[in-house]
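J.: Handing you a structure now.
The values are calculated or read from the model by the stated rules, or taken from the named source; none is laboratory data. If you're wondering where the values come from, they're calculated on a predicted model, not measured in any experiment. We place every Cβ from the backbone using ideal geometry, glycine too, and count neighbours over all the protein chains shown.
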Amino acid sequence: VSPFAPRHLLSIADLTPAEFTALVRNASHHKQAIKSGSVPRNLLGALSGKTVAMMFSKRSTRTRISTEGAVAQLGGQPMFLGKDDIQLGVNESLYDTALVVSSMVSAIVARVDKHQDVAALAKHSTVPVINALCDSFHPLQIIADFLTIHEAFPARPTAGLNSLGMEGLKIAWVGDANNVLFDMAIAAAKMGVDIAVATPKGYEIPASMLEIIKQAGSSVSSPGKLIQTNVPEEAVKDADVLVTDTWVSMGQEEETIKRMKAFEGFQITAELAQRGGAKKNWKFMHCLPRHPEEVNDEVFYSPRSLVFPEAANRLWAAISALEGFVVNKGKIE
Ligand code: CP
Ligand code: NVA
């Protein structure tokens, strides 16, 4: 890697625990400051006169709006390039596109299908690339999710510089082992948060991803533990936060019928939380978009549900990531 190569955000795995902590803390700080009417001085016009390319080959509500909004808040101009707008994938290779686009913008935010595509884009780009969701990771979502957990649970007194004070909390993920889970498990390992994952048989975390999650905790003195099971009740036991996501991620639509059958019994309900023995004060999270099969309305619209503040936190996560990777060129503190 050339010393001039830009630093990219492809996964939470790219961050040290201190850097992840800083991104969440900065998001929280900017949220409070901007909501009370004062834009932090280092952000004012930080991207003035600059452009950020948003190359999205899949649909998006939250990631698109939060990123476009974040670029605008920093004084820059986002360029939304949907799959029907540019030559990529139809008339032009990823390599050529990376060289051309990065020669004219200050950063690229990319939502692609395969992780190897966003990794290739990053490899050839001369400006920072931020992953806006691929089949393996969703780092912007997880910065927002940990901000949301940070706000919902008082920090443990152990909170040092490298930590959000979340040690000992437990997340239960019930549903599909997908891109959002993978980055969440990586962040949990780094933050000392335990995560229990219940998936149907045949839908477990792949071995290669387990290795990445294990690696994520290797630099931490007491990393969060990862537990895998095929029994939702087991995952939910003593959990502080119950989390799920769609059973059919974008690109898996052809498997819908098979998946609906395989995931029967994995819907998050208050009865499941009760049967499994979740903590009394358990909360619910979901990155959205949501379908009723993975969580019923009673939980989704209940006071336990953090889903709408979680979605709103995407804006602050995007501002924090742009600050770290674009304004401060990968120096995250
Ligand atoms: N959670 C999330 O990334 O939503 P979008 O697909 O709407 O961006
Ligand atoms: N797992 C979902 C997340 C959408 C934000 C998907 O990849 O479609």
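J.: If you check Thr126, Thr63, which single one turns out to be modelled with pLDDT of 95 or more, outside any strand (DSSP E or B), hydroxyl-bearing (Ser, Thr, Tyr) and within 16 Å of ligand 1 (Cβ to nearest atom)? If you could, list the steps in order and put the result at the bottom.
T.: Details: Thr126 fails: within 16 Å of ligand 1 (Cβ to nearest atom).
Criteria check complete, one pass: Thr63.
J.: Quick one: Leu81 ticks every box in (1) assigned to a strand (DSSP E or B); (2) within 16 Å of ligand 2 (Cβ to nearest atom) except a single one, so which number is it?
T.: (2) is the only condition that Leu81 fails.
J.: Hey, another quick one. For the range 1-35, which positions are closer than 20 Å to Ala144 by Cβ and in a loop (DSSP other than H, G, I, E, B)? Spell out how you get there, then give the answer.
T.: Pass one, the range 1-35, residues closer than 20 Å to Ala144 by Cβ: 8-35.
Passing the criteria: His8, Leu10, Ser11, Leu15, Thr16.
J.: Can you run down the residue pairs with Cβ atoms below 6 Å, 6 or more apart or on separate chains, where the first is in the range 57-75 and over 15 Å from Leu288 (Cβ atoms) and the partner is in a helix (DSSP H, G or I) and within 11 Å of ligand 1 (Cβ to nearest atom)?
T.: Once the first residue is over 15 Å from Leu288 (Cβ atoms) and sits in the range 57-75, its partners that are in a helix (DSSP H, G or I) and within 11 Å of ligand 1 (Cβ to nearest atom) give Thr67/Ala318; Ala70/Ala318.
J.: Please find, within the range 43-60, the residue that is nearest to Pro128 (Cα to Cα) out of those that are in contact with an Asp or Glu (Cβ under 9 Å, 6 or more places away or on another chain) and assigned to a loop (DSSP other than H, G, I, E, B).
T.: Checking each candidate, the answer is Ala46.
J.: Among the residues of the range 179-188, are any over 19 Å from the mean Cα position of the chain (by Cα) and either in contact (Cβ under 8 Å) with a residue 24 or more places away in the chain or within 14 Å of Asp14 (Cα to Cα) (or both)?
T.: Among the residues of the range 179-188, not one is over 19 Å from the mean Cα position of the chain (by Cα) and either in contact (Cβ under 8 Å) with a residue 24 or more places away in the chain or within 14 Å of Asp14 (Cα to Cα) (or both), which makes the answer no.
J.: Condition (residue is buried (at least 21 other Cβ atoms within 10 Å of the Cβ), in contact with a His (Cβ under 9 Å, 6 or more places away or on another chain) and assigned to a loop (DSSP other than H, G, I, E, B)) applied to the range 100-123: is it met by at least one residue?
T.: no
J.: Next question, about the same structure. Take the conditions touching a helix residue (DSSP H, G or I) at 6+ places or on another chain (Cβ under 7 Å) and either at pLDDT below 95 or not acidic (Asp, Glu) (or both) and apply them to Ala119. Does it pass?
T.: Taking the combined requirement at face value, the residue does not satisfy it.
J.: Consider Ile195 carefully, then state whether it is buried (at least 17 other Cβ atoms within 10 Å of the Cβ) and in a helix (DSSP H, G or I). Spell out how you get there, then give the answer.
T.: On the way: buried (at least 17 other Cβ atoms within 10 Å of the Cβ): yes; in a helix (DSSP H, G or I): no.
No.
J.: What is the residue count in the range 228-261 for residues that are small (Gly, Ala, Ser) and within 16 Å of ligand 2 (Cβ to nearest atom)?
T.: 2
J.: Just to be sure I understand the filter: pairs with C-beta atoms under 7 Å, separated by 6 or more residues or on different chains, first member in the range 248-272 and part of a helix (DSSP H, G or I) and at pLDDT 95 or above, second member loosely packed, with under 15 Cβ neighbours inside 10 Å and of a type outside the set (Lys, Arg). Which pairs pass?
T.: Within 7 Å, the pairs are Ala262/Gly202; Ala270/Glu298.
J.: Only one of Ser305, Ser249 is outside the structural domain of Gly75 (by TED's automatic domain parsing), under 19 Å from Pro139 (Cα atoms) and buried (at least 17 other Cβ atoms within 10 Å of the Cβ); which?
T.: So the residue among Ser305, Ser249 that is outside the structural domain of Gly75 (by TED's automatic domain parsing), under 19 Å from Pro139 (Cα atoms) and buried (at least 17 other Cβ atoms within 10 Å of the Cβ) is Ser249.
J.: Which one of these is within 16 Å of ligand 1 (Cβ to nearest atom), modelled with pLDDT of 95 or more and in contact with an Asp or Glu (Cβ under 9 Å, 6 or more places away or on another chain): Met184, Met191? Quick ask: steps written out before the conclusion?
T.: Values: Met191 fails: within 16 Å of ligand 1 (Cβ to nearest atom).
Checking each option against the conditions leaves just Met184.
J.: Residue under question is Asn313, and the condition is that it be crowded, with 16+ Cβ neighbours inside 10 Å, within 16 Å of ligand 2 (Cβ to nearest atom) and either not assigned by TED's automatic domain parsing to the domain that holds Thr21 or not basic (Lys, Arg) (or both); does it hold?
T.: Taking the combined requirement at face value, the residue satisfies it.
J.: Let me ask another. What residue, among those in the range 276-302 that are of a type outside the set (Asp, Glu) and in a helix (DSSP H, G or I), is surrounded by the fewest Cβ atoms within 10 Å (Cβ to Cβ)? Walk me through how you get there before you give the answer.
T.: So in the range 276-302, the residues of a type outside the set (Asp, Glu) come out as 276-292, 295-296, 299-302.
Right, trim to in a helix (DSSP H, G or I) and you get 276, 299-300.
Numbers: Gly276: 22, Val299: 22, Phe300: 17.
Applying the filter and picking the extreme gives Phe300.
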